[in-house]
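Visitor: Pasting a structure here, questions to come.
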Amino acid sequence: MFQRFWEWYQRHYLLNLSIATFLFLFQLFHLYWLFTDVVLIKITGQSYFAFPNIWGMISTFLDYSEIPAIISTSVLYIHLLRQKWAAKNFLYLLFINIQWIHILWITDEIIVERFATHIEFFHWPLVAAWLAIAIDYFELPVIYDTAKRLVREIKKNKKIPN
């Protein structure tokens with residue numbers, strides 16, 4: 001049964017890679033919101049979020065696209081590891097799946113609350129919030145890698161044999 005799944009996955013690799021990449025590209029807006037409207041407020045006291053407030057709520061909704069992104073990208077890196085072991089792919093698989101800790105442990109709403117209610121930097125709920133933010137940014141190298149793979153795969157498929 002698993003063998004049939006992996007054969008199907010390989011036959012539709014470009015589609016699967018595209019889905020994983022596009023799901024994770026939504027996270028870029030969320031990470032932008034997190035940095036400009038949460039982190040910078042804590043550091044500077046001012047928001048640098050350049051969109052109306054409704055976009056902050058939309059960012060929270062987009063953050064839930066992270067769940068299918070984690071699943072699809074995990075399958076992608078498992079597929080790549082099945083083909084050939086590479087430490088980078090294993091590390092990216094780890095970076096992706098550490099997101100579950102962030103999702104299940106401390107949400108962005110909790111982060112915003114902790115930042116608003118705790119002044120001391122080393123108060124443990126605030127340290128936990130900073131850790132959750134750091135975990136969120138572990139997505140960036142994976143987003144870059146999947147996008148690069150997608151561009152490479154599209155270029156490869158457009159080549160016309162002689």
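Visitor: If the cut-off is 29 Å between C-alpha atoms, which lysines fall inside it for LYS88, apart from same-chain ones fewer than 8 positions away?
Guide: Candidates past the 8-residue exclusion: LYS148, LYS155, LYS156, LYS158, LYS159.
Visitor: Still on this model: Given the C-alpha atoms of region 3-68, compute the convex hull and give its volume per residue in Å³.
Guide: 95
Visitor: Counting Lys +1, Arg +1, Asp -1, Glu -1, what net charge surrounds PRO141 among other residues with beta carbon under 14 Å of its beta carbon?
Guide: Net local charge, PRO141 excluded: 0.
Visitor: Count the net charge of all other residues whose Cβ sits under 11 Å from the Cβ of ILE96, scoring Lys and Arg as +1 and Asp and Glu as -1.
Guide: -3
Visitor: How far is it, in nm, from the label point at ARG152 to the one at SER65 when both lie 7 Å from their Cα along the line to the Cβ?
Guide: 2.4
Readers should treat all values here as calculations from the given coordinates under stated rules, not as data from a laboratory. Bear in mind the structure is a predicted one, so any value in this text is a computation, not a measurement. Note: ideal-geometry Cβ built from the backbone for every residue, glycine included; neighbour counts use all protein chains shown.
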